[in-house]
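As structure tokens, the structure follows; a few thoughts come after it.
Just so it is clear, none of the values below were taken in a lab; they were calculated from the coordinates. Quick caveat: nothing in here was measured; it's all calculated off a predicted structure. Cβ atoms come from the backbone with ideal geometry, glycine included; neighbour counts cover every protein chain shown.
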Amino acid sequence: MKVAIYVRVSTLEQAEEGYSIGEQKDKLTKYCEIKDWTITKIYSDPGFSGSNLDRPSMQQMIADATTGLYDAVLVYKLDRLSRSQKDTLYLIEDVFQKNKIHFISLSENFDTSTAFGKAMIGILSVFAQLEREQIKERMMMGKAGRAKAGKIMAWSNIPFGYIKDHDTYDIDPLRADIVKDIFKRYLEGTSITRIYQQLNEEGHIGKNVKWSYRTVRQVLGNATYTGNVTYHGKLYPALHRGIISKADYDEVQRQLKIRQIEAEKKFYAHPFQSKYMLSGLLKCGYCGATLKINKAHRKNKPPRWRYNCPNTQARSHAKTYAHKNINCPFKLIYRDEAEDMVIREIKKLALHPDSVINVPTPKQHDHINTEAVKKELESIKRKQDKLVDLYLIADSLNLDDLNKRSQELKSQQKALEAKLGPAEKDDHNILEFKKALVKVKDIDKLSYDQQKFIVNQLIKSIDVMNDKVTINWNI
């Protein structure tokens with residue numbers, strides 16, 4: 001009889017006596033010699049779980065079943081074939097029996113060519129499945145035990161702001177300050193979109209890739225920053241120190257829900273709300289809150305849209321945007337007047353683009369600690385030195401990848417150095433800004449949507465006071 005031998009071990013079973021690949025092959029080969037069977041092929045899957053059939057040699061054995069290469073499949077033990085009852089029965093009934101191939105298990109001493117073997121295979125498959133479920137239960141209990149002990153989960157990604165240290169996290173000072181600043185900005189009323197834009201404008205410090213809406217949202221929703229670990233929706237006190245207070249974290253979660261509800265209301269009640277040219281750009285020059293648009297009804301006259309500071313409004317939903325200053329003196333600015341003023345300023349600037357050189361540098365946030373910045377600069381310098389070493393010793397190194405990585409490090413270095421003191425404007429950015437201005441000399445003749453797009457490209461924010469408006473250009 002032509003026999004195919006199948007052997008398998010999972011990672012956890014490598015050290016178990018009698019289950020190693022070598023041990024299985026040796027015993028099965030000797031058994032074939034005693035029976036005077038011819039071994040046509042040995043299929044081996046080292047380090048693969050028996051929970052599914054997604055194994056290289058298993059798939060090859062299934063493919064070979066239709067070729068007549070073997071008349072029987074021999075395994076050391078049933079669970080070497082599979083730990084899933086469904087998969088075991090599929091192999092025996094739909095693969096082996098369909099192609100008139102016997103299945104023989106050495107340890108259980110049966111084969112499917114007999115009625116007793118066919119009956120036993122179903123029973124033993126049930127027990128193999130039971131064993132797997134028990135293993136899963138033990139693993140789940142182990143994970144729950146880790147959470148209750150305050151240890152981090154081995155499979156979880158390291159949150160931005162922490163460094164892994166065995167079963168816990170250590171705080172990374174530079175990145176932890178950025179996490180604090182993200183929470184601070186959000187609690188001050190800044191949107192998630194604007195936060196990630198601001199972080200990228202500042203050089204996406206501490207990250208190899210730029211911030212996105214998703215990454216900022218993940219930071220705001222990560223309870224790990226409160227000094228807890230999460231398992232199955234429950235919080236457990238952790239061994240690591242928190243970066244954010246529980247009170248601030250809870251308030252952020254509350255604000256996230258409120259803003260989501262408000263956004264949905266605006267979307268369905270005012271489907272064209274997002275088309276307002278200056279939405280999100282206008283800031284109160286007194287308290288820093290984002291101005292909110294609303295409709296002013298006038299007697300015997302058509303209503304007029306205007307922007308108000310939420311701190312001057314008594315409505316409860318104003319809390320979404322409000323800052324701590326509840327006595328803000330800001331009055332209002334009408335939407336049409338504000339939009340006309342901005343279009344005039346852009347047109348004026350387009351005619352005299354050199355005037356942007358005197359635009360004051362936007363105020364830097366004070367969330368970066370000097371020592372942490374210097375430490376990160378030293379780390380970047382070491383990475384740059386390693387790139388040079390790699391270039392010198394590795395002839396096959398991809399120079400495009402090297403240059404790309406070098407540019408990323410230079411960008412991070414420049415962003416960090418800017419935090420240590422006043423820096424001159426980037427000449428390239430100014431040049432690109434001027435080029436954009438030249439193209440919009442006739443902005444007043446464009447459609448409203450086109451104007452809105454240009455405004456958002458050129459302007460970072462607009463500070464509005466009762467007697468003064470300051471445009472912060474996006475350079």
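Using a simple charge model, +1 on the beta-carbon of Lys and Arg, -1 on the beta-carbon of Asp and Glu, nothing else, what dipole does the range 2-145 show about its Cα centre, in debye to the nearest 20? Could you put the intermediate results ahead of the total?
On the way: 19 positive and 20 negative charges, 33 e Å.
With only Lys, Arg, Asp and Glu charged at Cβ, the dipole is about 160 debye.
Specify whether the C-alpha gyration tensor of the range 162-269 places it in the rounded, prolate or oblate class, a ≥ b ≥ c being the square roots of the eigenvalues: rounded for a/c under 1.5, otherwise prolate if a/b is larger than b/c and oblate if not. Before the final figure, lay out the partial values.
On the way: a/c = 2.25, a/b = 1.31, b/c = 1.72.
Taking the square roots of the gyration eigenvalues as a ≥ b ≥ c, the range 162-269 is oblate.
Let me know the shape class of the range 27-118, please: from the alpha-carbon gyration tensor, a ≥ b ≥ c as square roots of the eigenvalues, rounded when a/c is under 1.5, otherwise prolate if a/b is greater than b/c, or oblate. Please list the in-between numbers first.
Numbers: a/c = 1.25, a/b = 1.19, b/c = 1.05.
Rounded, because the longest to shortest axis ratio a/c is under 1.5.
With a Förster radius of 51 Å, plug the Cβ-Cβ distance of Ser44 and Asn456 into 1/(1 + (r/R0)^6) and report the FRET value to the nearest 0.05. Don't jump to the answer; show the numbers that get you there.
Values: r = 60 Å, r/R0 = 1.18.
For R0 = 51 Å, the calculated efficiency reads 0.25.
With a Förster radius of 56 Å, plug the Cβ-Cβ distance of Ala144 and Lys374 into 1/(1 + (r/R0)^6) and report the FRET value to the nearest 0.05. Can you show the working numbers first?
Details: r = 42 Å, r/R0 = 0.75.
The value I calculate is 0.85.
Show me, for the range 205-220, the HN-Hα J-couplings you get by feeding each phi into the Karplus relation (A = 6.51, B = -1.76, C = 1.60, θ = phi - 60°), rounded to Hz, glycine and proline as x.
Karplus-based 3J(HN,Hα) across the range 205-220 equals 4, x, 10, 7, 10, 6, 6, 9, 4, 5, 5, 5, 4, 5, 4, 5 Hz.
Please compute the modelled spin-label separation between Ile158 and Met465, points set 7 Å along Cα→Cβ, answer in nm with one decimal.
Once both label points are built, they end up 4.7 nm from each other.
Which length gain, in nm to one decimal place, applies between Glu262 and Thr193 when the Cα-Cα distance is subtracted from 0.36 nm times their residue separation?
On the way: separation 69, 0.36 × 69 = 24.84 nm, distance 1.57 nm.
So the chain would gain 23.3 nm between Glu262 and Thr193.
Mind ordering 183-195, 278-290, 45-57 by average Cβ neighbours within 10 Å, highest first?
With the highest mean Cβ count within 10 Å placed first, the list reads 278-290, 183-195, 45-57.
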